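FYI, it's all coordinate maths here, none of it is from the lab. Since this is a predicted model, take the numbers as computed values, not measurements. Cβ atoms come from the backbone with ideal geometry, glycine included; neighbour counts cover every protein chain shown.
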Amino acid sequence: MNQRIQAYISLLAICCLSVAGVAREVTKVGTTAAPFLTIGVGARAVGMGGAYVSVANDATAMFWNVSGIAQLSRPEIIFNHSEWLEQINFDYIGIASPVGSMGTIGVGFTALSMGEFEQTTELQPEGTGVLFSAGSFAVSLSYARKLTDKFMIGFTGKYVREHIWNTNASGVGLDVGTLFETPFNGLRLGMSISNFGTKMKMSGDDLLTQIDPDPNLSGNNDKINAFYQTDAFDLPLLFRVGLSMDVIKSQSNRLTIAADALHPNDNAESVNVGGEYMFQNLIALRAGYRSLFLPDSEEGFTVGAGLNAKFSGLGFILDYAYQDFGVLNNIQKFTVRLSF
């Protein structure tokens, strides 16, 4: 093992110890734009409690740890749907494909959508009859490759946009991930930084107003167009570091356990833990727990299952996950993965 790899392992160990410590006082909760970028993609990862940064070896790695798509041996497409909180729809579609010795490339599209709302005002609190909509989306382009047979790195660039009625905000972000398989019983170490990018600031016709610059002056124009000033907010920057291991690995059975430590820029540090049992590479059972050590968290226990099948060379994987959300009830997520 060369000095570069040893330094990498040491850095991950230090990060795990520091991030998994006692959470500090929270001062920035809910102060970032585009929070939909932190919603987990893929029922497999969600079923494992989100402890996936060192496990990621399918197309969903473009969300968790982009370097993981370098492990794909053939193209894979993923379709993800879930009803998020309060009947909000969360959807993701992505495709990743190896391109020979050059590495692996991928594209993804994330959308958060909801039904129309009726406008209300102070004078018409029951509604004006005018409907408006709100939503968010992100388009991403990923690239990853293996630097050695045990070490890989990847990058994702993304364009992000949010809107409500005639007002919108946009920005760009960058994800970076690395993954290393150690010689110690297949122990895997992963690290990712997500959503490092520009600030987002709302602008649009809904911020237009008319003012009188000097109401004490008679005869002047009292209908001067002006715009309300809005603040710019950071993207939800998230640093993840994790480890995983196949504690049981035979021809018929595999049991993987994993743990991730998370350090976001808009909340306190937390830890996700989870596991996956695979029988005959056909049926998978998963369980985990999210947001350990996070004060006032409503997230918690997760469970999931998966079914793998092949039809004339086409790989078909159906995954399901259930996530407890405390007083906000629960989230159920379905994912279809196709490989060909």
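Here are a few things to note about the model shown:
- Residue-wise HN-Hα couplings along the range 298-305, as the Karplus relation 6.51 cos²θ - 1.76 cosθ + 1.60 with θ = phi - 60° gives them from phi, are 9, 7, x, 5, 9, 9, x, 8 Hz; Gly and Pro carry x.
- Furthest towards positive pole of dipole, 250, 239, 211, structure part the range 185-295, Cβ charges: 250
- Summarising the amide proton neighbourhood of residue 325: residues at separation of 5 or more, or on other chains, whose placed amide H is nearer than 5 Å comprise 330, 331.
- Residue-count net charge about residue 231 - beta-carbon cut-off 10 Å; Lys, Arg +1, Asp, Glu -1: +2
- Per-pair calculated FRET efficiency, R0 = 35 Å: residue 31 and residue 214 via Cβ, rounded to 0.05: 0.45
- In this calculation the C-beta distance from residue 155 to residue 316 is compared with R0 = 30 Å, giving a FRET efficiency of 0.55.
- The 3J(HN,Hα) values that the Karplus relation (6.51, -1.76, 1.60; θ = phi - 60°) gives for the range 227-242 are, in residue order, 10, 5, 7, 10, 7, 9, 10, 5, 5, x, 5, 9, 9, 10, 9, x Hz. Gly and Pro appear as x.
- Between helix 3-19 and the chain: long-axis angle, C-alpha atoms, 0 to 90°, nearest 10: 50 degrees
- Most fluctuating residue given options 133, 194, 82, as computed from a GNM of the chain linking Cα atoms under 10 Å: 133
- With eigenvalues of the C-alpha gyration tensor scaled by 5 and rooted, the chain, Å: 41, 22, 20
- Residues of type lysines that residue 28 reaches as a straight line, Cα spacing below 29 Å, ignoring anything fewer than 8 places off in the same chain: 158, 199, 201, 333
- Amide N proximity, the range 245-289 versus residue 307 label position 7 Å along Cα-to-Cβ, cut-off under 16 Å: 279-286
- Tail weight of P(r) past 16 Å, computed on alpha-carbon pairs of the range 32-84, percent: 42 percent
- 3J(HN,Hα) from dihedral phi, the range 39-50, Karplus parametrisation 6.51/-1.76/1.60, rounded to Hz, x for glycine, proline: 6, x, 9, x, 5, 4, 5, 5, x, 8, x, x
- Approximating the spin labels as points 7 Å out from Cα along Cα→Cβ, the residue 182-to-residue 277 distance works out to 2.6 nm.
- Rounded if a/c under 1.5, otherwise prolate or oblate - the range 277-334, Cα gyration tensor axes: prolate
- Largest mean-square fluctuation among 307, 112, 37, in a Gaussian network model of the chain whose springs join Cα atoms under 10 Å apart, belongs to 307.
- Relative contact order of the chain, defined on C-alpha pairs under 8 angstrom at six or more residues apart (%): 20 percent
- Highest-fluctuation residue, 283, 105, 257 considered, GNM on the chain with Cα pairs under 10 Å: 283
- Geometric extent, Cα atoms of the range 46-193 - Rg, Dmax (angstrom): 19.4, 69
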